[in-house]
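Participant: Below: one structure in structure tokens.
The values are calculated or read from the model by the stated rules, or taken from the named source; none is laboratory data. Remember, it's a predicted structure, so these values are computed and weren't measured experimentally. Don't worry about glycine lacking a Cβ; one is built from the backbone with ideal geometry, like all the others, and counts go over all protein chains shown.
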Amino acid sequence: MRTEQVSSGNNPKIKELLALGYKSRTRRDKGLFPVEGIREVQRCLDAGFRARTLFRCTEILRDKDFAPIAESALKGNPDCNCVEVTPQVYDKIAYRGGTEGIIAEVEWKDRTLDDLTFKKPEAPLVVVLENVQKPGNLGAVLRSADAAGADAVLVCDSACDLYNPNVVRASVGAVFTVPTVQLTNEEALFWLRRHGFKIYTAQLQDSVPYYDSDMSGGTAIVMGAEDTGLTSFWRKAADRHIRIPMLGVEDSLNVSVSTAILLYEAVRQRLA
């Protein structure tokens, strides 16, 4: 792996990395995005993403911890190179505090419905998110989907950038381990119907408690935007409307918390 030493924050590679971290349009235009942290970088590489450059602070990241990352990066892209930066430069390029001295510049990869496979073809489990805009919420949903063994997350009619650093951070790299597809409502519904999913929409109106619904077969849990909830498109398309009982003064939970509750009801039924 070719190594370059950089000690100035004005280096063009450093400026590009900073732009990738803060500008969604730059990520799209260049087809690159940053991944920060040992665990996140390793999960990204293990999922088949190609790293173009590894930015490493040797004062923070030891050789024994860097070696597996470098090996995985070269396996995916023999031309991957390493830029070693000073602690001062790393402080400038690190998107968050407390990371372990490694940032990867990774090539963008769009997933499609054709890429999806089911772990259990007789009972796939999918999350559908409509118009969820907050990267932190999307990342948290992906983390729950990974933990629950969901087959995919379909992100519908949303401008949220899947490779926003906040998505990567909140998901702890699950954005790479859970097949995630961006598409329209219509495309998602057609695909779900074609594969025989039961569609459950989470909503307060005209609904039954979630634990009274059969989620042991092919199940799609559909969640709406943080502020407005689901549109009529999914309410009409649903096989059943389900709700989480609210026993306090609040009338709703954060979308990521609600998704986790419903996912684990599906898990409970399948394990039972």
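Participant: Going by the structure shown, is Val85 more than 25 Å from Gln182 (Cα to Cα), aliphatic (A, V, I, L, M), crowded, with 21+ Cβ neighbours inside 10 Å and not assigned by TED's automatic domain parsing to the domain that holds Thr180? Steps first, answer last, please.
Facilitator: Working: more than 25 Å from Gln182 (Cα to Cα): yes; aliphatic (A, V, I, L, M): yes; crowded, with 21+ Cβ neighbours inside 10 Å: yes; not assigned by TED's automatic domain parsing to the domain that holds Thr180: yes.
Considered against the rule, which asks whether it is more than 25 Å from Gln182 (Cα to Cα), aliphatic (A, V, I, L, M), crowded, with 21+ Cβ neighbours inside 10 Å and not assigned by TED's automatic domain parsing to the domain that holds Thr180, Val85 comes out as yes.
Participant: Checking Leu162 against (1) closer than 26 Å to Asp251 by Cβ; (2) crowded, with 20+ Cβ neighbours inside 10 Å; (3) at pLDDT below 95, which test does it fail?
Facilitator: In the conditions (1) closer than 26 Å to Asp251 by Cβ; (2) crowded, with 20+ Cβ neighbours inside 10 Å; (3) at pLDDT below 95, Leu162 misses (1) alone.
Participant: Please state which of the following conditions Asp151 fails to meet, knowing it meets all the rest: (1) at pLDDT 95 or above; (2) assigned by TED's automatic domain parsing to the domain that holds Ser256; (3) out of contact with any Pro (no Cβ under 6 Å at 6 or more places or on another chain).
Facilitator: Going through (1) at pLDDT 95 or above; (2) assigned by TED's automatic domain parsing to the domain that holds Ser256; (3) out of contact with any Pro (no Cβ under 6 Å at 6 or more places or on another chain) one by one, Asp151 breaks only (3).
Participant: If you don't mind, there's one more thing I want to ask. Go through the stretch 210-257 and count every residue that is aromatic (Phe, Trp, Tyr) and surrounded by 20 or more Cβ atoms within 10 Å (Cβ to Cβ).
Facilitator: So the count comes out to 2.
Participant: Going by the conditions given, is Ile93 crowded, with 19+ Cβ neighbours inside 10 Å, under 21 Å from Arg50 (Cβ atoms) and at pLDDT 95 or above?
Facilitator: no
Participant: Hey, among the residues in the stretch 223-272 that are over 25 Å from the mean Cα position of the chain (by Cα) and of a type in the set (Asp, Glu), which one's modelled with the highest pLDDT?
Facilitator: In this case the residue turns out to be Asp239.
Participant: For the stretch 139-161, check the following and say yes or no: at least one residue is closer than 30 Å to Asn81 by Cβ and assigned to a loop (DSSP other than H, G, I, E, B).
Facilitator: yes
Participant: Assess whether Ala123 counts as being surrounded by fewer than 17 Cβ atoms within 10 Å (Cβ to Cβ), closer than 19 Å to Cys44 by Cα and not β-branched (Val, Ile, Thr). Show your work before the answer.
Facilitator: Working: surrounded by fewer than 17 Cβ atoms within 10 Å (Cβ to Cβ): yes; closer than 19 Å to Cys44 by Cα: no; not β-branched (Val, Ile, Thr): yes.
No, not satisfied.
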